[in-house]
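A.B. asks: My questions all concern the structure below.
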Amino acid sequence: MSSAEGISGSDGSQQQQQKQQQRMVLLLDMDCFFCQVHAKEDPSLEGIPVVVQQHGDIIAVDYQAREMGVTKHMNPNEARRLVAEHGVGRVVHAFEEQGKVSYRKYLDASTSIHKLLIQISIDRFGSTTVCEKASIDEFFVDLSEAWWSQHEVAGVSYHEFADTAATSLTKALIQHIGYKSSTGVACCKILAKAAASRAKPNGHLVVGGSISLQEMLWSTPVSAAPGCGYKSLLLPKLKAIGIQKLSELATKSVDQLQKQLGISAQLARQLHDFGLGVDPRPVLESPAPTRVSVHMSLGPELRGVTSNPFTSGERCQPKLEQMAKDLVVRVEQHLKEFQEWPSQLTLGACLNKQALKSTSGGYPERREDGAAVVLYIDLVVENAIGLLKKLMEKEATLIGNNNNNKRETQLSVCVTKLALTASYDRRYHKPTVKGVRTPVKGLVTKDKPRTTGTDPNFMESYFAHSRLHFIGTWKDRYEAFISTLPDPPPFPGHDSGGHGRGSGGWVFHIDMDAFFASVALLRTPELRESPVAVSWGSGEISCATYAARKYGVKAGMW
């Protein structure tokens, strides 16, 4: 039996999966996190069904309330009716500060859990343990090195160590801060997350133990794959070609996935690997979040509304104002913790029973005069309404009027969900010595754009550091370099009496290593020995140095 006892590979991917099996990744997923935070704040909620309402939406339901028929995103009045029928339980409002929803207590609870996990993991499993905060209520822990050391010294099996670690961490959270969680352990992130979901509530599951790798892949919905969630545009395409489960991703070739889904070869390869249970994404020490978001499911009063797209935005304004308050509060909290300000505002909406669509614009710039939060709320609402109108205009259809033969633009609106997201542009932040781009202390606005008006040497400097300049001048630079070399000795077979073509000479083929990253490093030579990756804006990775590839980073990742 192998050292990763009980974890078997898949046909056609033995070598890759054996390497994956050396890892031990644990995901700790808090059970009904928002409900638990409210019960901690209000002891009268302990032990009874709890439902959390935010504005006109149900955002959290504990397991007792679910047994009553209460579900997320249902009408709050219906949730109250169900709770009242059973005579026990409460529907509580999300926390508020100064008359608006505040996530501060939820974020504080998440931070305390994260800090405790780091402390306990290092104390019990050694300094090689890495803890990553994946979301407000999910935490990855990489125990690979800790398990290998125990296995080599004492022969501890994979499953024995995984069971011990999962039990130890979940009990510690209950003992120290009173929060319950479910835990999944597997050889990679995607399977650990799927296992934790199956272990709910308050349990743990080891892939390769009580459930095999194949069974986990067969039973996990494809929506569990990163980028394939219920709000993604990719999920309907996957279902259209008959892919419902994670394992079914591997039934298609990479070329088939690429052509049938209309995606890049890199993303197709990544999806195919997910279907085999292969996920090289490393567990990393948690960076600052790249975005903050708020979501809302709309009530019946805004569904099925027929109106002109230029007035529908105003109908949604009260909801957008509530969402803007939440978003601005989160942005301010992020500013205090990470000293950075968002650059982009994205509005998403489900219109006419279609998948979530989105469009983006600028987030209000940070003012140095200490502007009140209410100013930012007004600006966000104004921008959000404009973005919503933009989305609605795209959905507008031309309809005919048979009475007077006139045609007019009209939109049959069915708005069911709205989302607001503030995103952070890390390109304006200085890199650390490890090559990881992190916020700069004290920086609250992005750098002012350089122009010929602010810098007379801007154009010359810009092109001197551009990829086009590097490509266009390499020949001159190499010719100059070769001219400094001594004359080469005759090459066998290429002199005048040989069998080669011409009168002699050598032919070189030059293939640039990690070209895009190499050009980027011209500006940051201190990072040459560090793992570095280059992305298109804040999206797909286009190039990674060989040092970064050792950590599983590759082109095509997100």
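The values are calculated or read from the model by the stated rules, or taken from the named source; none is laboratory data. Since the model is a prediction, treat every value here as computed from it, not as a measurement. Using ideal geometry, Cβ is built from the backbone for each residue, glycine included, and neighbour counts are taken over all protein chains shown. The accessibility values were calculated without ligands, DNA or RNA, using every heavy atom of the protein model including side chains. Shrake-Rupley method; radii C 1.70, N 1.55, O 1.52, S 1.80 Å.
A.B. asks: Assess whether Val83 counts as being part of a strand (DSSP E or B), farther than 29 Å from Ala192 by Cβ, among the aliphatic types (A, V, I, L, M) and open to solvent by less than 60 Å² (accessible area, probe 1.4 Å).
C.D. replies: Considered against the rule, which asks whether it is part of a strand (DSSP E or B), farther than 29 Å from Ala192 by Cβ, among the aliphatic types (A, V, I, L, M) and open to solvent by less than 60 Å² (accessible area, probe 1.4 Å), Val83 comes out as no.
A.B. asks: Considering every residue within region 537-553, establish whether at least one is assigned to a loop (DSSP other than H, G, I, E, B), in contact with a strand residue (DSSP E or B) (Cβ under 7 Å, 6 or more places away or on another chain) and more than 20 Å from Glu285 (Cβ to Cβ).
C.D. replies: No: zero hits.
A.B. asks: Select from region 100-120 the residues that are among the β-branched types (Val, Ile, Thr) and without any contact (Cβ under 8 Å) to a residue 24 or more places away in the chain and list them in ascending order.
C.D. replies: Thr111, Ile118
A.B. asks: Six or more apart or on different chains, Cβ under 8 Å: which pairs go from a residue in region 214-237 that's under 21 Å from Ala134 (Cα atoms) and free of Cβ contacts under 8 Å to residues at least 12 places away in the same chain to one that's assigned to a helix (DSSP H, G or I) and of a type in the set (Asp, Glu)? Could you list them?
C.D. replies: none
A.B. asks: Go through region 257-275 and give me each residue that's without any contact (Cβ under 8 Å) to a residue 12 or more places away in the chain and surrounded by fewer than 19 Cβ atoms within 10 Å (Cβ to Cβ).
C.D. replies: Lys259
A.B. asks: Another question, then. Lys239 - would you say it is part of a loop (DSSP other than H, G, I, E, B) and open to solvent by 40 Å² or more (accessible area, probe 1.4 Å)?
C.D. replies: Spelling it out, it is not the case that Lys239 is part of a loop (DSSP other than H, G, I, E, B) and open to solvent by 40 Å² or more (accessible area, probe 1.4 Å).
A.B. asks: Answer yes if at least one residue in region 352-361 is at pLDDT below 80, of a type in the set (A, V, I, L, M) and crowded, with 16+ Cβ neighbours inside 10 Å, and no otherwise.
C.D. replies: Looking for residues that are at pLDDT below 80, of a type in the set (A, V, I, L, M) and crowded, with 16+ Cβ neighbours inside 10 Å, one finds at least one in region 352-361, hence yes.
A.B. asks: Out of region 521-558, which residues are open to solvent by 50 Å² or more (accessible area, probe 1.4 Å), modelled with pLDDT of 75 or more and of a type in the set (A, V, I, L, M, F, W, C)?
C.D. replies: Leu522
A.B. asks: Looking only at region 66-80, count every residue that is in contact with a helix residue (DSSP H, G or I) (Cβ under 7 Å, 6 or more places away or on another chain) and open to solvent by less than 10 Å² (accessible area, probe 1.4 Å) and tell me the total.
C.D. replies: 1
A.B. asks: In region 28-62, what residues are part of a helix (DSSP H, G or I) and either modelled with pLDDT under 95 or farther than 30 Å from Cys188 by Cβ (or both)?
C.D. replies: His38, Ala39, Lys40, Glu41, Pro43, Ser44, Leu45
A.B. asks: Can you report the number of residues in region 147-180 which are in contact (Cβ under 8 Å) with a residue 40 or more places away in the chain and either of a type in the set (A, V, I, L, M) or in contact with a His (Cβ under 9 Å, 6 or more places away or on another chain) (or both)?
C.D. replies: 12
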